[in-house]
Amino acid sequence: MLTKEELLAKAEKPAADAMRLHPFYRGKVQVVPKCIVRDFQDFAIWYTPGVAAPCRDIEAHPEKVWEHTNRGNTIAIVSDGTRVLGLGDIGPEAGLPVMEGKALLFKYLGGVDAVPIVLRTKDPDVLIETVKVLEPSFGGINLEDIAQPKCFRILDTLRAEMAIPVWHDDQQGTATVLLAGLINALKVVGKEMSGIKLAMIGVGAANVATYRLLKASGVDVGGIVACDSRGALHPGRCDVEEQQEAFADKWRICQESNAEGIVGGPPEAMRGADVMIALSKPGPGTINPEWVAGMAKDAIVFPCANPIPEIWPWEAKDAGARIVGTGRSDFPNQLNNSLGFPGIFRGVLDVRATTITDEMAIAAAREIAARAEEHGIHEEYLIPTMDDWEVFPREAVATAMKAQEQGLALLERTPEELYAQAEATIRQARETVQALVTEGLIPEPPEV
């Protein structure tokens with residue numbers, strides 16, 4: 001059992017390693033050919049003059065772009081750097097390491113080729129038009145680290161106006177994985193989704209989407225008390241009402257939730273709550289142990305700010321929480337988007353879905369939860385870890401089948417076909433990385 005000092009030192013190590021290894025590799029992703037090059041004569045096939053034939057075929061039959069190119073397995077990761085992790089508006093260049101890391105996870109976990117694109121604009125209309133003109137090159141768009149409230153309009157507009165899936169991972173991705181964790185946490189403590197009281201600390205992009213998925217999954221929204229930086233949301237929040245055009249989702253939460261009319265802030269919202277989900281200011285110290293102590297018996301606490309949770313897990317446990325999950329991989333119960341987006345995109349690409357719905361996200365969440373339950377869930381194991389590779393093809397199947405059920409897929413595939421395709425694609429991506437390491441083409445980092 002590690003001491004609190006050892007746990008803190010462990011928590012600080014990833015940042016130190018990152019500062020050492022990022023400049024060593026000078027980035028995390030690269031472009032590697034996927035076609036055979038037997039000799040230089042093959043370039044006559046892959047480039048001129050041979051390439052003119054598939055170009056003419058696509059001109060005559062535009063849908064053939066999905067057959068002749070890698071568009072069907074390529075997405076763009078788009079950000080303006082205005083809401084990067086818990087760091088805030090740090091700009092596009094400073095956000096690029098995050099987008100590269102996302103691309104690495106897409107490839108290694110989902111077999112999806114992802115291109116990081118950071119834009120030097122804060123204008124939502126410019127961002128929207130930029131993404132729209134990029135559409136012919138990609139099979140999907142992953143929006144990332146864009147500040148609210150513009151992130152909501154950007155997502156809604158692009159989903160409505162583009163023919164390929166557009167997903168905001170800070171909204172839909174976070175909500176999907178949190179839902180999966182909550183499904184199993186409630187099973188561990190023996191409580192029902194429909195009967196819980198829930199405090200939400202922070203009403204940004206992630207918790208707004210989480211609220212929406214919780215509502216669709218059977219949580220009584222009257223038992224939810226959400227707090228922004230000015231306190232609990234309720235119908236009397238005139239400041240939100242005055243900005244309801246820009247913060248439509250937040251105003252909806254004001255009207256629907258908090259049936260008891262609780263006012264105040266996080267301490268009042270958490271008093272007697274069965275569950276606390278925090279996606280707010282990075283800690284520690286954002287959530288006080290005394291507030292956790294005031295929660296219901298067998299409390300579930302999800303402090304998920306990055307890079308530091310709002311309260312350290314051991315502090316929450318000492319205060320009486322039975323289950324604690326964070327967004328970090330170095331603590332038990334990592335509730336991180338990385339368990340969701342690679343498999344979900346794998347699924348939508350494999351059936352060429354035109355969008356990603358909340359129902360598809362819920363299907364993915366339930367499959368994530370089911371995979372963990374097969375291994376035996378407990379207080380420190382709610383959902384699979386990233387090294388459980390099978391969760392990703394299974395999640396892909398669940399997502400793709402729901403897309404077909406909703407009439408949003410251009411291709412029809414059976415569950416068996418989908419699983420075989422996803423498993424093979426993901427396995428190839430992982431084996432490619434391992435082969436490059438084995439051959440020394442990706443060098444081992446220097447010893448410290």
Scope the range 278-327; condition in a strand (DSSP E or B), in contact with a helix residue (DSSP H, G or I) (Cβ under 6 Å, 6 or more places away or on another chain) and touching a residue at least 60 places away in the same chain (Cβ under 8 Å); matching residues
Ile300, Ile323
Only residues that are basic (Lys, Arg) and not in a loop (DSSP other than H, G, I, E, B): list them for the range 398-448, please.
Lys402, Arg427, Arg430
Selection status of Gly231, within 26 Å of the chain's Cα centre (by Cα) and at positive phi
no
Quick one: count up the residues across the range 240-262 that are at pLDDT 95 or above, buried (at least 16 other Cβ atoms within 10 Å of the Cβ) and not in a helix (DSSP H, G or I).
3
Filtered residues of the range 58-88 (kept if under 22 Å from Val131 (Cβ atoms), among the acidic types (Asp, Glu) and in contact with a Pro (Cβ under 9 Å, 6 or more places away or on another chain)):
Asp80
State whether the residues of the range 218-239 include one that is assigned by TED's automatic domain parsing to the domain that holds Ala293, modelled with pLDDT under 95, of a type in the set (S, T, N, Q) and not in a helix (DSSP H, G or I).
yes
Find all pairs meeting these conditions: Cβ atoms under 6 angstrom apart; at least six residues apart or on different chains; first residue within the range 44-71 and over 27 Å from Ile141 (Cα atoms); second residue assigned to a loop (DSSP other than H, G, I, E, B).
Ala44/Gly50
Matching residues, the range 168-220, being under 27 Å from Gly407 (Cα atoms) and touching a Phe, Trp or Tyr at 6+ places or on another chain (Cβ under 7 Å)
Asp169, Gly173, Leu178
Does Asp350 satisfy the criteria of being buried (at least 24 other Cβ atoms within 10 Å of the Cβ) and among the charged types (D, E, K, R)?
yes
State which residue pairs qualify: first residue more than 20 Å from Gly265 (Cβ to Cβ) and inside the range 232-248, second residue in a loop (DSSP other than H, G, I, E, B) and modelled with pLDDT under 95 in any location, beta carbons under 7 Å apart, and separation of 6 or more residues or different chains.
Ala246/Pro149
Considering only the range 405-441, state which residues are over 17 Å from Gly343 (Cα atoms), touching a residue at least 40 places away in the same chain (Cβ under 8 Å) and either in contact with a Leu (Cβ under 8 Å, 6 or more places away or on another chain) or surrounded by fewer than 12 Cβ atoms within 10 Å (Cβ to Cβ) (or both).
Glu412
Residue tally, condition buried (at least 17 other Cβ atoms within 10 Å of the Cβ), touching a Gly at 6+ places or on another chain (Cβ under 8 Å) and hydrophobic (A, V, I, L, M, F, W, C), over the range 265-298:
6
Inspect all residues belonging to the range 137-148 and state whether any of them is in contact with a Gly (Cβ under 7 Å, 6 or more places away or on another chain) and closer than 24 Å to Leu349 by Cβ.
yes
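The values are calculated or read from the model by the stated rules, or taken from the named source; none is laboratory data. This is a predicted model, so every value here is computed, not measured. Note that each Cβ is placed from the backbone with ideal geometry, even for glycine, and that neighbours are counted across all protein chains shown.
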